[in-house]
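K.L.:
Just dropping this structure here.
The values are calculated or read from the model by the stated rules, or taken from the named source; none is laboratory data. All values derive from a computational prediction rather than experimental measurement. Methodologically, a virtual Cβ is constructed for each residue, glycine included, from the backbone with ideal geometry; neighbour enumeration extends over all protein chains shown. Just the protein is used for accessible areas: all its heavy atoms, side chains included, with ligands, DNA and RNA removed. Shrake-Rupley method; radii C 1.70, N 1.55, O 1.52, S 1.80 Å.
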Amino acid sequence: MADPVVGGTPPTARRPPIVVVLGVSGSGKSTVGRALARELRVPFVEGDDAHPAANIAKMAAGHPLDDTDREPWLRTLSARVRRSAEAGEGLVLACSALKRAYRDELRAAAGSAHGLWFLYLALDRDTARGRVARRTGHFMPARLVDSQFEALEPLEPDEPGLTVDATAALQVNVALVRAAVEHAADRTAD
């Protein structure tokens, strides 16, 4: 992947950022999200933990989730984003957020006064399948990776966020986001 793609406006410096780290299974959302939360000194939330037991069982059985399955999960995550925004607190949330409609709901939950920003970890199907196949102790089987790519709607230019290569070094991606957040702080101070 070439240079990162920046779209929209990053969060302002007046409030800690709310960042959603998104991508297909195997893109490194949890790893990058935890590191980013440490770097930004904000709480980290693992979106997989918000799935109802029925969703986990369905995915573990090799069946992809549909929009109806994702509704309670998305409501839970939106409520968490809303609480952080209302409290003026930052947050890093790792969740697939594959569709624009899901991202719009998360952004609406943050409200315009706080804002929300996306970090999209982009990678190809083969790399995602390989990563998922190698991991242990996770409910998502490698055979569902294709269904995630079928549902995926990458960030659009009007969505606030950054698209990076998910295969880049962790430190590189965290530094890119940190620089974008600092750039937003500089612009806000002007």
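K.L.:
How many residues does the range 1-57 contain that are of a type in the set (A, V, I, L, M), under 27 Å from residue 147 (Cβ atoms), touching a strand residue (DSSP E or B) at 6+ places or on another chain (Cβ under 6 Å) and at pLDDT 85 or above?
P.N.:
Count: 7.
K.L.:
Right, something else. Residue 145 fails exactly one of the following numbered conditions: (1) modelled with pLDDT of 75 or more; (2) surrounded by 14 or more Cβ atoms within 10 Å (Cβ to Cβ); (3) over 30 Å from residue 68 (Cα atoms). What is the number of that condition?
P.N.:
In the conditions (1) modelled with pLDDT of 75 or more; (2) surrounded by 14 or more Cβ atoms within 10 Å (Cβ to Cβ); (3) over 30 Å from residue 68 (Cα atoms), residue 145 misses (3) alone.
K.L.:
If I ask for residues that are charged (D, E, K, R) and either part of a helix (DSSP H, G or I) or more than 17 Å from residue 36 (Cα to Cα) (or both), which ones from the range 88-105 would you list?
P.N.:
Of everything in the range 88-105, those that are charged (D, E, K, R) and either part of a helix (DSSP H, G or I) or more than 17 Å from residue 36 (Cα to Cα) (or both) turn out to be 99, 100, 103, 104, 105.
K.L.:
Kindly evaluate residue 151 against the criterion of being modelled with pLDDT of 85 or more and within 18 Å of residue 48 (Cα to Cα).
P.N.:
So residue 151 fits the description; yes.
K.L.:
Among the listed residues 85, 108, 128, 79, identify the single one that is among the hydrophobic types (A, V, I, L, M, F, W, C), open to solvent by 60 Å² or more (accessible area, probe 1.4 Å) and in a helix (DSSP H, G or I).
P.N.:
108
K.L.:
Which of the residues spanning the range 47-76 are over 18 Å from residue 23 (Cα atoms), open to solvent by 40 Å² or more (accessible area, probe 1.4 Å) and not in a helix (DSSP H, G or I)?
P.N.:
Within the range 47-76, 52, 61, 63 qualify.
K.L.:
Under 7 Å by Cβ, and 6 or more places apart or on different chains, what pairs join a residue from the range 69-83 that is in contact (Cβ under 8 Å) with a residue 12 or more places away in the chain with one that is assigned to a helix (DSSP H, G or I) and among the polar types (S, T, N, Q)?
P.N.:
Within 7 Å, the pairs are 69/55; 73/55.
K.L.:
Hey, among 84, 112, 96, which residue is over 17 Å from residue 23 (Cβ atoms) and under 17 Å from the mean Cα position of the chain (by Cα)?
P.N.:
84
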